[in-house]
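Have a look at the structure below before the remarks.
Nothing in this text is a laboratory measurement; each read-out follows from the coordinates by a stated rule. Please read all numbers here as calculations on a predicted model, not as lab measurements. Note: ideal-geometry Cβ built from the backbone for every residue, glycine included; neighbour counts use all protein chains shown.
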Amino acid sequence: MRQINLPMPIWDIPIRLFHWLLVLLIGFMWVSGKQGWLEYHMLSGYAILSLLIFRVVWGFVGSDTARFLFFLKSPIEGLRHLLHITKREPDTEIGHNAAGGWMVVVMLALLFAQVFTGMSANDDISVEGPLSRLVGKDWSDWATSQHHFLFNIVQIVIGLHILAIVAYAILKRHDLVRPMITGKKRMPGAMQAPRMMSPILAAIVWGVSALLVAALIWWAP
Ligand code: HEM
Ligand code: HEM
């Protein structure tokens, strides 16, 4: 008998918006950092921080596929998953797979570090991140060099992220990108759909995250 695959909602709108906004803003951070458009660089950095805080909170109160407890498996399971990357099998994954889940945590942690070193950085001329006075000149100089260094790591990890998606497409014939755009994936009808939370709740969480970032900038000396 032929298996019937039906479109199932996998990624909610907030996760997709978070992802594609992050892609746009990181691209802008790269250009603005290298070009020295630091005023816009910093503004865009605050937007990224609000998205990161939103993502962490959504990882606890959001839709099933956004939740850390839903997709974080043991690192051994993540490795086992990678060892099977060449095995052709139907894509029945609801959300991140065991290896992808760890990639999410690593990317979020790296981006937090990139933002906080940026907020403590200075350009030795006229621009200072909002936390640079708080940490003092020596730490600010150290944070600046870490900000430069970390961006290399961020680029490598993003490269690996895209390579993994291409590998899934070529080796396993799994299209991970379309669900990240449409939110839906074709799944065997018998599988239970993940629970989706309201986008209004997501908007409230993001609003509070943005207010927290604004308060941090306002409070910094
Ligand atoms: C600046 C570059 C990028 C960054 C920082 C980034 C970051 C992320 C993060 C944090 C996630 C986890 C989503 C979540 O659960 O919140 C993710 C997932 C994903 N990203 Fe990206 N991404 C980037 C570029 C791209 C590009 C260019 C593509 C498409 C070719 C892409 C396709 C995907 C897909 C398909 C997933 C879901 C993977 C899965 O099914 O488990 N990403 N990305
Ligand atoms: C994910 C977020 C961020 C990324 C990807 C990023 C990336 C970069 C890059 C690529 C540079 C240029 C480095 C070079 O010339 O080699 C830079 C410089 C800089 N960034 Fe960021 N940045 C981020 C967040 C921030 C934030 C939030 C702030 C402050 C609020 C900030 C403040 C600065 C400053 C002051 C410089 C100039 C440092 C110098 O002249 O040596 N960045 N950033």
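For the residues 138, 12, what sequence is obtained by ranking on other C-beta atoms within 10 Å, fewest first? Walk me through the numbers before you get to the answer.
Numbers: 138 8, 12 23.
Fewest-to-most Cβ neighbours within 10 Å comes out as 138, 12.
As I understand it, the value is the acute angle between the Cα axis of helix 98-119 and the longest principal axis of the Cα atoms of the chain; what does it come to in degrees, rounded to 10?
So the inclination is approximately 10 degrees.
Over the stretch 14-219, how many pairs of lysines fall under 26 Å by alpha carbon, counting only those 8 or more apart in sequence or from different chains?
Qualifying lysine pairs in the stretch 14-219: 10.
How large is the translational diffusion coefficient of the chain in µm² per second when you combine the Kirkwood radius over alpha carbon pairs with Stokes-Einstein at 4 °C and 1.567 mPa s?
My calculation gives 68 µm²/s for D.
Given 0.36 nm per residue, what is the gain on full extension from residue 152 to residue 92 after removing their alpha carbon distance, in nm?
Stretched fully, the residue 152-residue 92 segment lengthens by 18.2 nm.
Against the longest alpha carbon principal axis of the chain, how many degrees, from 0 to 90 and to the nearest 10, is the axis of helix 137-167 turned?
Between the helix axis and the principal axis of the chain, the angle is about 20 degrees.
For helix 199-219, what angle does its Cα long axis make with the longest principal axis of the chain, in degrees from 0 to 90 and rounded to 10?
20 degrees
Would you calculate the separation in nanometres between label points at residue 192 and residue 220, each defined as 7 Å from the Cα along the Cα-to-beta-carbon direction?
With each label placed 7 Å out from Cα toward Cβ, I get 4.5 nm.
What order do you get for 81-87, 14-20 when each peptide is scored by the mean count of other beta carbon atoms within 10 Å, highest first?
Highest-to-lowest ranking by the protection proxy: 14-20, 81-87.
Hey, rough spin-label estimate for residue 82 and residue 113, points 7 angstrom out along Cα→Cβ, what's it come to in nanometres?
Here the modelled spin labels are 1.7 nm apart.
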